[in-house]
């Protein structure tokens, strides 16, 4: 008997998947205990594992916090069922999901999750930006925690944060003759305690995020040295800091880089295939990323 799961796996996608962005799943709360935050991450992983064990591979997840009339259709893939190789031995390390809104005519984002180190790879269909796909994935994760885990009070602690390299930001700054504005979004770290002055302030005010913006005086450029970017590079690489810079090229064209919308990403060489084949490519990209991660 052909199931909905089989149809999702084997049907060629109508959408094209060409980009893969990377990030970390961070669980942020008022308490500073890293172990508690990590245990909550494992709680999320266990919710997906339970569905796999029960064979509940296709589910409807309500969007109670946003649009209750337009739930998500969520599919979980068994690694042992994937084509073009034996991936079953990776089942204890990775989880693979795809989801879409009930109102969508075609497929939604694909996400691969590293169950140990909180990494994820996200590939949106061509109709979605990577920023919109991240926001949708974060909303799905929070809904799963709230509904499957019956933990609505903690669901909002789960963040999906893109990661970027300090080198890419530095190269962008060097390529622009005028830097008119630089904004940093600084979040609580996880797991563990960070006692930098900025995060002491976040803790003192019971805040999750601080936004800092520097604007150049008229007809001038910000003086940003490499030391600043180097100092935030570890946090950029873990999703604890996001950066937006605005400037002008040598030709006077206005441009910006925003790591919330333009994180580190890779390109897929073939954008259309059976969804299960695309899932394998996203999994391979995440494994490659983990091999090169600091």
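The values are calculated or read from the model by the stated rules, or taken from the named source; none is laboratory data. Every value quoted in this text rests on a predicted model; they were computed, and no experiment measured them. Neighbour counts are summed over all protein chains in view; Cβ atoms, including those assigned to glycine, are modelled from backbone coordinates with ideal geometry.
Only one of the numbered conditions (1) closer than 21 Å to residue 25 by Cβ; (2) crowded, with 19+ Cβ neighbours inside 10 Å; (3) touching a helix residue (DSSP H, G or I) at 6+ places or on another chain (Cβ under 8 Å); (4) not assigned by TED's automatic domain parsing to the domain that holds residue 41 is violated by residue 142, and that is (4).
Residues considered: 246, 281, 272. Of these, the only one that is surrounded by 15 or more Cβ atoms within 10 Å (Cβ to Cβ), modelled with pLDDT of 85 or more and farther than 25 Å from residue 92 by Cα is 246.
Which one is farthest from residue 241 (Cα to Cα) among residues in segment 199-219 that are part of a loop (DSSP other than H, G, I, E, B) and modelled with pLDDT of 90 or more? Selected residue: 217. Condition test on residue 99, is it under 16 Å from residue 281 (Cβ atoms) and in contact (Cβ under 8 Å) with a residue 24 or more places away in the chain? Judged against the criteria, residue 99 is not a match. Scanning segment 240-265 for residues that are assigned to a strand (DSSP E or B) and within 21 Å of residue 28 (Cα to Cα) yields a total of 3. Taking interchain pairs and intrachain pairs at least six residues apart, which have beta carbon atoms under 6 angstrom, with the first residue in segment 41-66 and outside the structural domain of residue 137 (by TED's automatic domain parsing) and the second modelled with pLDDT under 95? Close Cβ pairs (under 6 Å, with a partner that is modelled with pLDDT under 95) do not exist here. The combined condition, being at pLDDT 90 or above and surrounded by fewer than 16 Cβ atoms within 10 Å (Cβ to Cβ), is not fulfilled by residue 182. When residues in segment 220-239 are screened for being touching a strand residue (DSSP E or B) at 6+ places or on another chain (Cβ under 9 Å), over 26 Å from residue 120 (Cβ atoms) and in a loop (DSSP other than H, G, I, E, B), 5 of them pass. For the structure I just gave you, tell me whether residue 68 is out of contact with any helix residue (DSSP H, G or I) (no Cβ under 7 Å at 6 or more places or on another chain), at pLDDT 90 or above and surrounded by 14 or more Cβ atoms within 10 Å (Cβ to Cβ). Considered against the rule, which asks whether it is out of contact with any helix residue (DSSP H, G or I) (no Cβ under 7 Å at 6 or more places or on another chain), at pLDDT 90 or above and surrounded by 14 or more Cβ atoms within 10 Å (Cβ to Cβ), residue 68 comes out as no.
For every residue, the table says whether it meets (1) at pLDDT below 95; (2) touching a helix residue (DSSP H, G or I) at 6+ places or on another chain (Cβ under 7 Å).
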| site | (1), (2) |
| --- | --- |
| 95 | yes, yes |
| 103 | yes, no |
| 106 | yes, no |
| 113 | no, no |
| 126 | yes, no |
| 130 | yes, no |
| 134 | no, no |
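Annotation: residue 7 fulfils all but one of (1) over 19 Å from the mean Cα position of the chain (by Cα); (2) modelled with pLDDT under 90; (3) outside any helix (DSSP H, G or I); the unmet one is (3).
Taking the criterion of being within 14 Å of residue 184 (Cβ to Cβ) and at pLDDT 85 or above, the residues of segment 220-229 that qualify are 222, 224.
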